[in-house]
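Student: First the structure, then my questions, so here it is.
The values are calculated or read from the model by the stated rules, or taken from the named source; none is laboratory data. Just so it is clear, the model here is predicted, and its values are computed rather than measured. Because the Cβ atoms are built from the backbone with ideal geometry, glycine has one as well, and the counts that use them run over all protein chains shown.
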Amino acid sequence: MSEAREPAAISPAPVLVLAVGNPSRGDDALGPELAARLEAAALPGVEVITEFQLQVENALDLVGRERVIFVDAATGTPAPYELRRVEAAAEFLHTSHALSPEAVLATYRRVTGGEPPEAWLLCVRGESFELGEGLSSMAEVHAEAAWLELRRWLASNAAAV
Amino acid sequence: MSMLPLETATHSEQLRRVVIEPLSRVEGHGKVTLLMDEDDHVQQARLHIVEFRAFEKFIQGRPYWEVPVMVQRLCGICPVSHHLAACKALDQVVGATQLTPTAEKIRRLMHYGQILQSHALHFFHLSSPDLLFGFDSDVARRNIVGVAAAYPDVARQGVLLRKYGQEVIRHTAGKRIHGTGSVPGGVNKSLTAAERDELQKDIYQMIAWSRDAVRLVKKLFEQDLETYRSFGTFEARTLSLVRADGAMDLYHGGLRAQHADGSTIFDHLDYGHYWEQISEEVKAWSYMKFPYLRALGHEDGWYRVGPLSRVTRCDFIPTPLADRERREFMAFDDGRAARSTLGFHWARMIEMLHSAEAIKDLLHDADLLGSDLMASGPRQARGVGVIEAPRGTLIHHYRVDENDQVARANLIVSTTHNNHAMNVAIREVAKKYLDGRKITEGLLNHIEVAVRAFDPCLSCATHAIGKMPLEVQLVDAEGTVVHSLVRGSK
């Protein structure tokens, strides 16, 4: 990468929605499902990126943003969803296959030398993650609740930037 | 005491069990079990990986042209490898025995971008904390943030190398994820001059950083030669693709299998009939199959794939900087580095350098901008595609019926090829570092270091929050958990 292009050359949208999930793995599709709705809404000042899994280079997607919200399916979190702030934190991994939002923020810090943007995580409760399945009935219900919460968050945070 | 082979202990019911495992089976997972006797001697060591077996059901009945896109959902970390292996198999189904020059070069560019980004991620992000700080150093420091504090350039370069590889993929596959660039019979787009120019800008920096990474691994070997020489090391037969002239070729070639001493088992084998040479054994204690070379039988025919096999068993690497580094690697420590399990890291960085050089050469080839994208020929019912994915040889095999639907699919992925070799590696580590000692986090990490050297695919295609932890449990003879550690994301 050229040094001049590490911060994006073109000013990025101030709010980033980073949705994560595999649309072929049951409720793991919750993130992409909400991202697709949001892309269709085409909100000004909001960019939507969808990924299978978070990885180190996603830290570069945060450069120049005011706020980011990660949207992901989750297990072991309250239903229908949990919305919370996330801070940069290191993690010790057994695999190269995926990062947590906290680790992406920590990567941002070490690559840019600066503090990452304000970050939130919308965990939508999933129940079943088998290959080839669609969203479970319960996940459909959770998705509707999470969609309203995501719109509320964007209404207050996208307007505030 | 007798320690080998450590695959199966006698009187296992009397032994203490140490389990290293993630909690969920959803993403496909790994588990290590160690059986220890009352005196802390290791009596059995096994690595279990839950192989992803639902694929055939997922894909049967689908139109064949959907397959190259669908298979990318098998793995979130190397979707391009599955994309290209599927296309190579389906090229045969559509009768495209010879791709157009533009199509083959676009695919190669995509593939080298994948190798570059995958190897960068593995070394800089996953393995460098162990290698730079030591396997049993303070766990609070042994992470990538610790690396960033002590070696800021290493951490930063890893991210930017990975990002560059992703950009190559985006331009050749058409999208950041779920790319559609390769199709049965060719590709659906070539590069524009603007895309080529953008990638050309940074490629020399990528080559320089890749070369620095090779030198960094060499320095690590020099600093602790005895550990690097012997850690988890064992003699292994190898399997890899090579070009017709014996050169390393990660995209296409014939299969070469060699004994540990480098003598030939078979060479330049047409992989279209791989099953005549490779079979798979099922063991009661593992979900994953154990491939073996038929000529040697299931007990002796196991082999190792991946960067270490490819770099050490090709006759040369067809890019100058990587080949110079290969020769240095082969000669280092009288050839011992090239036989060591930690040599995987050195070989992986040599391949990253080769990939960067290959990308540079392709970006200066006018065929990349060509418009002749597709080939075809007489329709076939069956196709086999083999590619050297970042972790090793990847086989896709399809049978397509008269309605253009997939009637049968078979995949042998790199981690499956390495199943037996990884088990041997952890037994070597258990024998040398854990036997007769009280288990600590640092000692258990030695097992994980050996597994990580192979970079196995433990986590295919989903990762939901809360589904990634790796749990390490020490359980006594009564089944009571006496110690527990948890790794992984929140």
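Student: Residue under question is B:ARG304, and the condition is that it be modelled with pLDDT under 95, closer than 23 Å to B:PHE135 by Cβ and not aliphatic (A, V, I, L, M); does it hold? It would help to see each step written out before you state the result.
Tutor: Working: modelled with pLDDT under 95: no; closer than 23 Å to B:PHE135 by Cβ: yes; not aliphatic (A, V, I, L, M): yes.
No; evaluated as a whole, the condition is false for this residue.
Student: Please tell me if B:ALA347 is buried (at least 18 other Cβ atoms within 10 Å of the Cβ), within 15 Å of the chain's Cα centre (by Cα), assigned to a helix (DSSP H, G or I) and among the small types (Gly, Ala, Ser). Reasoning before the result, please.
Tutor: Working: buried (at least 18 other Cβ atoms within 10 Å of the Cβ): yes; within 15 Å of the chain's Cα centre (by Cα): yes; assigned to a helix (DSSP H, G or I): yes; among the small types (Gly, Ala, Ser): yes.
In short, yes.
Student: Okay, moving on. Identify, from the list B:ARG156, B:ARG162, B:ARG215, B:ARG170, the residue that is among the basic types (Lys, Arg), part of a helix (DSSP H, G or I) and more than 14 Å from chain A (Cβ to nearest Cβ). Walk me through how you get there before you give the answer.
Tutor: On the way: B:ARG156 fails: more than 14 Å from chain A (Cβ to nearest Cβ); B:ARG162 fails: more than 14 Å from chain A (Cβ to nearest Cβ); B:ARG170 fails: more than 14 Å from chain A (Cβ to nearest Cβ).
Going through B:ARG156, B:ARG162, B:ARG215, B:ARG170 in turn, just one is among the basic types (Lys, Arg), part of a helix (DSSP H, G or I) and more than 14 Å from chain A (Cβ to nearest Cβ): B:ARG215.
Student: Check off (1) among the small types (Gly, Ala, Ser); (2) within 26 Å of B:ALA193 (Cα to Cα); (3) in contact with a Leu (Cβ under 6 Å, 6 or more places away or on another chain) for B:ALA322 and give me the number that stays unchecked.
Tutor: Only one criterion in (1) among the small types (Gly, Ala, Ser); (2) within 26 Å of B:ALA193 (Cα to Cα); (3) in contact with a Leu (Cβ under 6 Å, 6 or more places away or on another chain) is unmet by B:ALA322, namely (2).
Student: Tell me the residue from A:VAL48, A:VAL68 that is in a strand (DSSP E or B) and away from chain B (no Cβ under 13 Å), please. Outline the logic, then answer.
Tutor: Working: A:VAL48 fails: away from chain B (no Cβ under 13 Å).
So the residue among A:VAL48, A:VAL68 that is in a strand (DSSP E or B) and away from chain B (no Cβ under 13 Å) is A:VAL68.
Student: Quick one: which of B:ALA409, B:ALA356 is among the small types (Gly, Ala, Ser) and either surrounded by fewer than 17 Cβ atoms within 10 Å (Cβ to Cβ) or under 22 Å from B:HIS82 (Cβ atoms) (or both)? Steps first, answer last, please.
Tutor: Details: B:ALA356 fails: either surrounded by fewer than 17 Cβ atoms within 10 Å (Cβ to Cβ) or under 22 Å from B:HIS82 (Cβ atoms) (or both).
B:ALA409 is the lone residue from the list that is among the small types (Gly, Ala, Ser) and either surrounded by fewer than 17 Cβ atoms within 10 Å (Cβ to Cβ) or under 22 Å from B:HIS82 (Cβ atoms) (or both).
Student: Consider A:VAL63 against the criteria (1) touching a Ser or Thr at 6+ places or on another chain (Cβ under 7 Å); (2) more than 8 Å from every other protein chain (Cβ to nearest Cβ); (3) surrounded by 23 or more Cβ atoms within 10 Å (Cβ to Cβ): it satisfies all of them except one. Which criterion is unmet?
Tutor: Unmet for A:VAL63, out of (1) touching a Ser or Thr at 6+ places or on another chain (Cβ under 7 Å); (2) more than 8 Å from every other protein chain (Cβ to nearest Cβ); (3) surrounded by 23 or more Cβ atoms within 10 Å (Cβ to Cβ): (3).
Student: Going through the range B:283-297 one residue at a time, which ones are surrounded by fewer than 19 Cβ atoms within 10 Å (Cβ to Cβ), hydrophobic (A, V, I, L, M, F, W, C) and free of Cβ contacts under 8 Å to residues at least 60 places away in the same chain?
Tutor: B:ALA284, B:ALA295, B:LEU296
Student: Considering only residues of the range B:174-212 that are within 22 Å of the chain's Cα centre (by Cα) and in a loop (DSSP other than H, G, I, E, B), which is nearest to the other protein chains (Cβ to nearest Cβ)?
Tutor: It comes out as B:ILE177.
Student: Considering only the range A:41-89, state which residues are without any contact (Cβ under 8 Å) to a residue 24 or more places away in the chain, closer than 17 Å to A:ALA119 by Cα and aliphatic (A, V, I, L, M).
Tutor: Listed by number, the list holds a single entry, A:ALA89.
Student: B:ILE317: farther than 19 Å from B:PHE234 by Cα, in contact with a Pro (Cβ under 8 Å, 6 or more places away or on another chain) and in the same structural domain as B:ARG108 (by TED's automatic domain parsing), yes or no? Step through it out loud before you land on a result.
Tutor: Numbers: farther than 19 Å from B:PHE234 by Cα: yes; in contact with a Pro (Cβ under 8 Å, 6 or more places away or on another chain): no; in the same structural domain as B:ARG108 (by TED's automatic domain parsing): yes.
No.
Student: Under the condition of being aromatic (Phe, Trp, Tyr) and surrounded by fewer than 16 Cβ atoms within 10 Å (Cβ to Cβ), which residue from the range B:259-282 is nearest to B:HIS420 (Cα to Cα)?
Tutor: B:TRP275
Student: Which of the residues that make up the range A:71-80 are surrounded by fewer than 23 Cβ atoms within 10 Å (Cβ to Cβ) and more than 10 Å from chain B (Cβ to nearest Cβ)?
Tutor: The initial filter retains those residues of the range A:71-80 that are surrounded by fewer than 23 Cβ atoms within 10 Å (Cβ to Cβ), namely A:75-80.
Result: A:PRO78, A:ALA79, A:PRO80.
Condition check ((1) at pLDDT below 95; (2) of a type in the set (A, V, I, L, M); (3) within 16 Å of B:ILE395 (Cβ to Cβ)) across all residues:
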position	(1), (2), (3)
B:SER286	yes, no, no
B:ALA295	no, yes, no
B:CYS314	no, no, no
B:LEU321	no, yes, no
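Student: State yes or no: is B:SER286 farther than 30 Å from B:ILE207 by Cβ and of a type in the set (S, T, N, Q)? Spell out how you get there, then give the answer.
Tutor: Numbers: farther than 30 Å from B:ILE207 by Cβ: yes; of a type in the set (S, T, N, Q): yes.
It is true that B:SER286 is farther than 30 Å from B:ILE207 by Cβ and of a type in the set (S, T, N, Q).
Student: Conditions first: (1) assigned to a loop (DSSP other than H, G, I, E, B); (2) facing chain B (nearest Cβ under 7 Å); (3) farther than 21 Å from A:VAL141 by Cβ. A:ALA13 passes all but one, so which condition is the exception?
Tutor: Condition not satisfied by A:ALA13: (2).
Student: Just to verify a result, which residue in the range B:224-258, among those that are in contact with a helix residue (DSSP H, G or I) (Cβ under 8 Å, 6 or more places away or on another chain) and of a type in the set (Lys, Arg), is surrounded by the fewest Cβ atoms within 10 Å (Cβ to Cβ)?
Tutor: Across the range B:224-258, the extreme among qualifying residues is B:ARG229.
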